[in-house]
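Just below is one structure, and these are the notes that go with it.
The values are calculated or read from the model by the stated rules, or taken from the named source; none is laboratory data. Owing to the predicted nature of the structure, the values given are computational and were not obtained by experimental measurement. No Cβ is skipped: glycine too gets one built from the backbone with ideal geometry, and neighbour counts run over all protein chains shown.
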Amino acid sequence: MIVVCGFLAAARAQEAGSVSVSTSVRVTAEALAAQPVGANWLSYHGDYTGRRFSSLDQIQVKNVGQLRAQWVFHAPNSNSLEVTPVVFDGLMFVTSANDAYALDAQTGRVIWHYSRPVTEGLIDDASQHHNRGVGILGWRIYMETDNAHLLCLDARSGHLLWDVPYAEGNKNYGATSAPLVVKDKVLVGTSGGDDGVRGFVAAYDAETGKLVWRFWTIPGPGEFGSLSWPGELYKRGGGTTWMPGTYDAELNTIYWGTSNPAPDFDGGPRPGDDLYTDCVLALDPDTGKLKWYFQFTPHDLFDYDATETPVLVDARYQGQPRRLLLEANRNGYFYILDRTNGKFLSAFPFVKKLNWAKGIDAQGRPIRTGVQPTAEGMRTCPGFSGATNWYSPSYNPSTGLFYLLAEENCNLFFLKPEEFAEGKTYYSTGARHSPGDHSEKILLAYNLESDKPAWRFPQVGSGHSAGGTMSTAGGLLFFGDDAQSFEAVDAETGQPLWHFNTGQGMHASPMSYAVNGKQYVAIAAGSDIFSFGLP
């Protein structure tokens, strides 16, 4: 059953005098391209750069201690929200599983609700029905479903306008991301890189839902890179695209990360570098043509997805102005690339527990140590969850610091070859706890010219949180800590200033917005959206 509560709910709320937002929505391509983020937060990352930096400064170092919860919205069908809200002119859009909600961003009151049942029979990540949010253009919003359909909804009412299935031919496909809207196109990816699917990025016409282009991340027979994929293996090589990319409008280039190869822990069936897995891809948004690629972990044996946000920064680096791409990668190294051509500039480790490689060479390739999964189990660092993961980093142009949550962790990695089968995962066994090793989350800040952190803030907890970061012009860094709290620290020094205990696990990244001149910060925790403001 599909339920849409639209203008009627809005009208009743208006009659009650509690909703001040308008249901008139018109988001232009120019607004999406604006940076940095201000009153509106129009995409998963806020703007195209992936910096998660807000120009709002009403909430500052000197008054953040007065921050109070303004409202809480409870999503009834998820206990682990991963959504980042999108806000336009006081109207907030959030997702939970296959549901979408429009909320009054001042009060949390529901304006409309689109409901779609979760899909039965999915496996692995898709079976958890995670959804990270919507894209928006004009008066339409776009969302991915757990079974990889692209939906277009009327942002004013929640009515379904069209529904396009975009990943067919292998029932192990899923989707967990938020779409990225670029110009007149909606870009989507898939999940299932651990389950034997063939990854891709696809672009659809924002008005009609018609496919414009598709870039396959696993090359087919005879294409460049296909030697890693003998026989029919290219059809199930992984390389999925389960997080939204970033975009440079001046260079007209999209930067999109790809996941691990499949099978995860058995490199025998897939010799060579396994392109284009564990890569950042530079694509032409008009055609889908590959401009360049950079591979972080060739022939990955440890599930080190490269779907971490590729952050775009313009700064002086090594004595000259550069257009940089920054990525703190799951493999434990922080990379700096020239985003105009993909040239490798530098890399350094940002965690201490790292034994799969002993460095990065002058071309950007890892210098391997020989550590690899075995039948008996091999202690490997970083472990299965990586040195960092999909939770968002951020960059503050005022401090010149890059912020991320890192994880010190190791696991025993096991190898047991297996055959691919639809409806089953394709890990070729897995990872387990390493005796004597304990996970720890650490909030880190890096100056781009140094391989040592400007400051570090160790977390208290089990190391299993997945809350991201956001920096603001008020001199603050907000993040989801490892003790179920939403927290703010001084962006310059890392000094803790404020926290709010949500009482729930954090698996989402924060954002900020303003309505009628008042700044708010919001984050999803557990099954709730929390919004905070000054008294």
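When the residues of the stretch 127-150 are narrowed to those that are of a type in the set (A, V, I, L, M, F, W, C) and surrounded by 23 or more Cβ atoms within 10 Å (Cβ to Cβ), which ends up farthest from Glu30 (Cα to Cα)? I'd like the intermediate steps shown before the answer.
Applying the first criterion (of a type in the set (A, V, I, L, M, F, W, C)) to the stretch 127-150 yields 134, 136-137, 139, 141, 143, 148, 150.
The next check asks that each one be surrounded by 23 or more Cβ atoms within 10 Å (Cβ to Cβ); those that pass are 134, 136-137, 141, 143, 148, 150.
Details: Val134: 18, Ile136: 12, Leu137: 10, Ile141: 16, Met143: 21, Ala148: 28, Leu150: 23 Å.
Among them, the one singled out is Ala148.
Six or more apart or on different chains, Cβ under 7 Å: which pairs go from a residue in the stretch 308-331 that's more than 19 Å from Phe53 (Cβ to Cβ) to one that's modelled with pLDDT of 95 or more and among the β-branched types (Val, Ile, Thr)? Could you list them?
Qualifying pairs under 7 Å: Arg330/Thr388; Asn331/Thr297.
Any idea which of Gly237, Gly196, Gly245, Gly225 is surrounded by fewer than 22 Cβ atoms within 10 Å (Cβ to Cβ) and either touching a Leu at 6+ places or on another chain (Cβ under 7 Å) or over 25 Å from Ser392 (Cα atoms) (or both)?
Gly225
Looking at the stretch 73-92, I want the residues that are touching a residue at least 12 places away in the same chain (Cβ under 8 Å) and have a partner that is among the basic types (Lys, Arg) with Cβ atoms under 8 Å, at least 6 apart or on another chain. Which pairs are those?
Glu82/Arg132; Val83/Arg132; Thr84/Arg132
Taking the stretch 208-222 as the search range and keeping residues that are in a loop (DSSP other than H, G, I, E, B) and touching a residue at least 24 places away in the same chain (Cβ under 8 Å), which one is surrounded by the fewest Cβ atoms within 10 Å (Cβ to Cβ)?
Thr208
In the stretch 398-423, which residues are assigned to a loop (DSSP other than H, G, I, E, B) and either more than 26 Å from Met378 (Cβ to Cβ) or over 25 Å from the mean Cα position of the chain (by Cα) (or both)?
Matches in the stretch 398-423: Ser398, Thr399, Gly400, Leu415, Lys416, Pro417, Glu418, Glu419, Phe420, Ala421, Glu422, Gly423.
Name the residue that is surrounded by the fewest Cβ atoms within 10 Å (Cβ to Cβ), counting only residues in the stretch 73-107 that are under 20 Å from Arg156 (Cα atoms) and among the hydroxyl-bearing types (Ser, Thr, Tyr).
Result: Thr107.
From the residues in the stretch 290-329 that are among the charged types (D, E, K, R) and not in a strand (DSSP E or B), which one is farthest from Arg368 (Cα to Cα)?
This residue is Glu308.
Only one of Lys358, Lys353, Lys441 is out of contact with any Lys or Arg (no Cβ under 7 Å at 6 or more places or on another chain) and either free of Cβ contacts under 8 Å to residues at least 40 places away in the same chain or of a type in the set (Gly, Ala, Ser) (or both); which?
Lys358
Every residue, every condition in (1) small (Gly, Ala, Ser); (2) under 22 Å from Pro535 (Cβ atoms), yes or no:
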| site | (1), (2) |
| --- | --- |
| Thr472 | no, yes |
| His507 | no, no |
| Val515 | no, yes |
| Ala522 | yes, yes |
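Okay, residues lined up against (1) closer than 19 Å to Tyr44 by Cβ; (2) in a loop (DSSP other than H, G, I, E, B); (3) basic (Lys, Arg):
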| site | (1), (2), (3) |
| --- | --- |
| Leu150 | yes, no, no |
| Arg156 | no, yes, yes |
| Asp163 | no, no, no |
| Ala167 | no, yes, no |
| Asn172 | no, yes, no |
| Ser177 | yes, yes, no |
| Ala203 | yes, no, no |
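Of these, Thr287, Thr340, Thr297, which one is surrounded by fewer than 16 Cβ atoms within 10 Å (Cβ to Cβ), under 21 Å from Trp256 (Cβ atoms) and touching a residue at least 60 places away in the same chain (Cβ under 8 Å)? Lay out the reasoning, then the answer.
Numbers: Thr340 fails: surrounded by fewer than 16 Cβ atoms within 10 Å (Cβ to Cβ); Thr297 fails: surrounded by fewer than 16 Cβ atoms within 10 Å (Cβ to Cβ).
So the residue among Thr287, Thr340, Thr297 that is surrounded by fewer than 16 Cβ atoms within 10 Å (Cβ to Cβ), under 21 Å from Trp256 (Cβ atoms) and touching a residue at least 60 places away in the same chain (Cβ under 8 Å) is Thr287.
Yes/no matrix, rows are residues, columns are (1) buried (at least 24 other Cβ atoms within 10 Å of the Cβ); (2) of a type in the set (Val, Ile, Thr); (3) over 19 Å from Gln504 (Cα atoms):
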site: Ser398; (1), (2), (3): no, no, yes
site: Thr425; (1), (2), (3): no, yes, yes
site: Ala454; (1), (2), (3): no, no, yes
site: Leu477; (1), (2), (3): yes, no, yes
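What number of residues within the stretch 238-266 satisfy the criterion of being small (Gly, Ala, Ser) and touching a Cys at 6+ places or on another chain (Cβ under 9 Å)?
Looking only at the stretch 238-266, we keep the residues that are small (Gly, Ala, Ser), and these are 238-239, 245, 249, 257, 259, 262.
Applying the additional criterion that residues be touching a Cys at 6+ places or on another chain (Cβ under 9 Å) yields 239, 257.
Residues that pass the stated criteria total 2.
If I filter the stretch 330-340 down to residues being in contact with a strand residue (DSSP E or B) (Cβ under 6 Å, 6 or more places away or on another chain) and in a loop (DSSP other than H, G, I, E, B), which single residue comes out as farthest from Leu412 (Cα to Cα)?
Ranking the candidates gives Thr340 first.
Among the residues of the stretch 272-289, how many are under 30 Å from Asn411 (Cβ atoms) and part of a strand (DSSP E or B)?
Residues meeting the conditions: 3.
Being more than 30 Å from Thr429 (Cβ to Cβ) and part of a loop (DSSP other than H, G, I, E, B), is that true of even one residue in the stretch 180-200?
Yes: one or more hits.
Within the set of pairs 6 or more residues apart or between chains, which connect a residue that is under 12 Å from Gly133 (Cα atoms) inside the stretch 167-179 to a residue that is of a type in the set (Phe, Trp, Tyr) and crowded, with 24+ Cβ neighbours inside 10 Å with Cβ atoms less than 7 Å apart?
Close Cβ pairs satisfying both conditions: Thr176/Trp242; Ser177/Trp242; Ala178/Tyr44; Pro179/Tyr142.
Please identify the pairs in which a residue from the stretch 427-438 that is over 20 Å from Asp305 (Cβ atoms) has its Cβ atom under 9 Å from the Cβ atom of a residue that is part of a loop (DSSP other than H, G, I, E, B) and of a type in the set (D, E, K, R), counting only partners at least 6 apart or on another chain.
Going by the 9 Å Cβ cut-off, the qualifying pairs are Asp437/Lys353.
I'd like the full set of residues that are assigned to a loop (DSSP other than H, G, I, E, B) and free of Cβ contacts under 8 Å to residues at least 60 places away in the same chain, limited to the stretch 111-129. Give the derivation first.
Just the residues of the stretch 111-129 that are assigned to a loop (DSSP other than H, G, I, E, B), to begin with: 116-123, 129.
Val118, Thr119, Glu120, Leu122, His129, listed by residue number.
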